[in-house]
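Okay, so here's the structure we're looking at.
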Amino acid sequence: MKNHLPLADLQQKILGLVKDSYLPEYTDENYFHSVSKSLNLQLVRAIALWWRQNHLERYCFFTARFLKATGQMETTTARYFQASNHSSFIEETGPDFLHWLSKNTIGLTSIIARFELGMIAINKNEVYEDEIFWPCDPFPIIYGLVQNDLSNESIQSGEFCMTLSDKIIGSFEVEEISPFQFQPIPPYL
Amino acid sequence: MKPVLIGTTYEGGRPDFLEKLLPIVDYLEFSPDSLATSRNGVASINPEKLAELKEVNNKVDFLVHGVGLSIGSYDGVSKNYLKLLDELFENLDLKWHSEHLAYMFVEGINLGTMVTLPRTNETLSMVCDRVNIIQERYKIPFLLENVVSLLPEYHSHYSHADFLNRICDNTGCGLILDIYNLQCDAYNHGLNIESFLKELNCNHIKEFHLASGYMDSGFMTDIHAGLTSDTTLNLTQQILDSYRPANLEAITYELLDEFVERVGQEAIVNELEKLKVLFYEKSLATC
């Protein structure tokens, strides 16, 4: 009868394989080499990602729709979940994902994540203040996301400043600003 | 044999749906994880969902079916899950509770899905110890469910059925036999369902789970997304006829909350009525 690896070692290796952070070594049993190349492992990763995307779609509606509309959903969520040990609870994973997006992506992806983070906080009656500079008119984009019909026409040029606050009726205000007032968002903020 | 009860999964927050379910089902089955909310790493049952269930506590039975206990993690079960379970026990009358025979966390890191355990002596002993502790802590029956094996199996000391028999014999816990999961294992890994059932002591089974899933990359998956197929219903009938699980008490139709609207509330109600006709009204006990 074959010797069995202790459960701790087996589970640590499986975790590494699922998270794609472990490559079986020469000394590892054939089992791990075979799992690492298997379609089964791809499926496990896909199912894990599906669950997480599903939860995110329900939690951060705007951002998820934007990511889908721009073809970034799969790669971005995969990158996020691979990089972090996320909570099982969407109330924690959701804001963490939006924070992560606002810091680790650029342009509209980062802006929309930051906008939604604020909206969620305000809807939960939290004290919240933020000022976001948009390199385009936010309203057609927000409308496009609400209608799930975001298109190139939704992105209309201009520079706008959005103030998000729990003290504003409707949660945010938008003001068009002249080009010299515009502060483009640094890539990693 | 008592009449087989029919129930379904309910995750709270759909009062209109609950109203339609109550006249049909004998019980609702819910997962603490789905009812939970969390702040700063501390989990608790969502107060609105708890209030909703308390409201109907005297109208229907409740079964708890966990996802996040992770009974097979080498480094211990989830304390968050036990806290949620404590809260449910304090607030609701629960008939029995259950969990999947699998692990979802390793050193606190979430795998994102459940993974089956190697059927070794080490695992057997660990799972039995934990089942005993759980049964000591919560004085109602505890069941374990067979989970779909997605990864290729690690070499084992025991067959599937022998492993389940030993856990039940050693601890006195019961089983949920997920019939769709058996079909997945047969399709994905060539599990011989007949041999499995012949070897399994079917008197350990207290509950059946019926569900559906979909094909992905050539695999049958257990994402509960639709109505039960005829093949699953036929297999259920065959198990009832051929193996006569004497302690079977309940048949649960499982559907993820995410798919309730897609499947349609009326279709779900019809599905439950169909199960009643198939397995309750025609069960041995009611004929």
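The values are calculated or read from the model by the stated rules, or taken from the named source; none is laboratory data. Because the structure is predicted, anything quoted here is derived from the model rather than measured. FYI the Cβ positions are ideal-geometry reconstructions off the backbone, even for glycines, and counts take in every protein chain you see. The protein model used for the area step is the full one, side chains on, heavy atoms only, and it has no ligands, DNA or RNA in it. Shrake-Rupley method; radii C 1.70, N 1.55, O 1.52, S 1.80 Å.
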Residue hits (the range B:31-83; closer than 28 Å to A:Gln11 by Cβ, in a loop (DSSP other than H, G, I, E, B) and open to solvent by 40 Å² or more (accessible area, probe 1.4 Å)) are B:Asn40, B:Gly41, B:Val67, B:Tyr74, B:Asp75
Of all the helices (runs of 4 or more DSSP H) wholly in the range A:70-180, which have at least 1 residues that are open to solvent by 50 Å² or more (accessible area, probe 1.4 Å) and touching a strand residue (DSSP E or B) at 6+ places or on another chain (Cβ under 8 Å)? A:90-104, A:107-123, A:138-146
From the options B:Leu191, B:Leu182, B:Leu124, residue that is open to solvent by less than 10 Å² (accessible area, probe 1.4 Å) and either part of a strand (DSSP E or B) or out of contact with any strand residue (DSSP E or B) (no Cβ under 7 Å at 6 or more places or on another chain) (or both): B:Leu182
Is the range A:121-128 home to any residue that is within 30 Å of B:Ile109 (Cβ to Cβ) and under 19 Å from the mean Cα position of the chain (by Cα)? yes
In the list A:Phe62, A:Phe66, which residue meets the criterion of being part of a helix (DSSP H, G or I), open to solvent by less than 30 Å² (accessible area, probe 1.4 Å) and more than 7 Å from chain B (Cβ to nearest Cβ)? A:Phe66
Can you tell me which residue within the range B:84-109, out of those that are part of a helix (DSSP H, G or I) and open to solvent by less than 10 Å² (accessible area, probe 1.4 Å), is nearest to the other protein chains (Cβ to nearest Cβ)? B:Leu84
Does A:Glu57 satisfy the criteria of being within 12 Å of another protein chain (Cβ to nearest Cβ), over 21 Å from B:Phe259 (Cα atoms), assigned to a helix (DSSP H, G or I) and among the acidic types (Asp, Glu)? no
Inside the range A:32-51, can you point out the residues that are modelled with pLDDT of 95 or more, at the interface with chain B (Cβ under 10 Å from one of its Cβ atoms) and over 18 Å from B:Met114 (Cβ atoms)? A:Phe32, A:Ser34
Among the residues of the range A:2-14, which ones are buried (at least 16 other Cβ atoms within 10 Å of the Cβ), out of contact with any helix residue (DSSP H, G or I) (no Cβ under 6 Å at 6 or more places or on another chain) and within 7 Å of chain B (Cβ to nearest Cβ)? A:His4, A:Leu10, A:Gln11, A:Gln12, A:Ile14
Could you figure out which of (1) within 14 Å of another protein chain (Cβ to nearest Cβ); (2) in contact with a helix residue (DSSP H, G or I) (Cβ under 7 Å, 6 or more places away or on another chain) isn't true of A:Asp96? (2)
With respect to A:Phe81, determine if the residue is modelled with pLDDT under 95, under 27 Å from B:Ile45 (Cα atoms) and within 11 Å of chain B (Cβ to nearest Cβ). yes
Taking the range A:15-30 and keeping residues in a helix (DSSP H, G or I) and surrounded by fewer than 19 Cβ atoms within 10 Å (Cβ to Cβ) leaves A:Gly16, A:Asn30
Out of B:Lys206, B:Lys198, which single residue is over 25 Å from B:Glu122 (Cβ atoms), in contact (Cβ under 8 Å) with a residue 60 or more places away in the chain and among the basic types (Lys, Arg)? B:Lys206
Please state which of the following conditions B:Val64 fails to meet, knowing it meets all the rest: (1) touching a Phe, Trp or Tyr at 6+ places or on another chain (Cβ under 7 Å); (2) away from chain A (no Cβ under 14 Å); (3) touching a residue at least 40 places away in the same chain (Cβ under 8 Å); (4) closer than 30 Å to B:Asp185 by Cβ. (3)
May I ask you to list the residues in the range B:142-158 that are within 14 Å of chain A (Cβ to nearest Cβ) and either under 26 Å from B:Gly213 (Cβ atoms) or at pLDDT 95 or above (or both)? B:Val147, B:Val148, B:Ser149, B:Leu150, B:Leu151, B:Pro152, B:Glu153, B:Tyr154, B:Ser156, B:Tyr158
Within the range B:255-278, the residues that are surrounded by 18 or more Cβ atoms within 10 Å (Cβ to Cβ), acidic (Asp, Glu) and closer than 14 Å to B:Ser34 by Cβ are B:Asp257
